[in-house]
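Data first, discussion second: the structure below is written as structure tokens.
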Amino acid sequence: MHELSLTQNILDTALAYAGRTDSRKVVTVVLRLGALRDIKKEWIERYFRYISRGTIAENAEILVMPDPIICRCADCGKDFEIERDRYEGEEIVCPACSSQTYSLISGTAFQIEGIEVI
């Protein structure tokens, strides 16, 4: 249910932006959502439809851009993508050099990438 408070923050941000730009309608909100975040896109969309009723953001489209899990090998410097289930359960090995030393460089984002208003 934490998606409700996150969605309220998204709506508040969109409405504040629309107010600063003297806009009359929020058309689209673009989000970047990391694969490692425990946030369900469907709930964000559902809550947004509900809490935006009666505002200039009513019927705005929520676009979610995925933020995949990308690791960078500490030994050879190669970036490689992995699936969430692999990250949570299996040993991570660089496909280029078989090193097990890496840093996470993507996959945790939760941010507003853009707000389209008219």
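The values are calculated or read from the model by the stated rules, or taken from the named source; none is laboratory data. Because the structure is a prediction, the values reported are computed rather than measured. For neighbour counting, all protein chains shown are included, and Cβ atoms are generated from backbone atoms with ideal geometry for every residue, glycine included. These area figures cover heavy atoms from the full protein model, side chains too; ligands, DNA and RNA do not enter into them. Shrake-Rupley method; radii C 1.70, N 1.55, O 1.52, S 1.80 Å.
Quick notes on this one:
- C-alpha long axis of helix 2-20 to longest principal axis of the chain, angle in °: 60
- Accessible surface of R49, taken over heavy atoms with a 1.4 Å probe and every protein chain present, rounds to 150 Å².
- Taken along the Cα-to-beta-carbon direction at a fixed 7 Å, the label points for E58 and I92 span 4.5 nm.
- A Förster radius of 35 Å, combined with the Cβ-Cβ distance separating W43 from I105, puts the computed FRET efficiency at roughly 0.85.
- Zone residues, the stretch 50-71, relative to E113, backbone N less than 14 Å from point 7 Å out along Cα-to-Cβ: 62-69
- Among 65-73, 26-34, the order from most to least packed when residues are scored by Cβ within 10 Å on average: 26-34, 65-73
- Entry note, the chain: relative contact order of 36 percent, from Cα contacts under 8 Å with a spacing of 6+ residues.
- The GluC sites (Glu not before Pro) found in the stretch 76-117 that occupy coil by DSSP, while having at most 14 further C-beta atoms within 10 Å, are E83, E90, E91.
- Cys with no candidate disulfide partner in the chain (beta-carbon separation under 4.7 Å rule): C71
- Mean ellipticity per residue at 222 nm, deg cm²/dmol - from DSSP H runs of n ≥ 4 across the chain, formula -39500 (n - 2.57): -9500 deg cm²/dmol
- Whole-Å distance, taken between Cα centres, linking the stretch 22-48 and the stretch 74-101: 29
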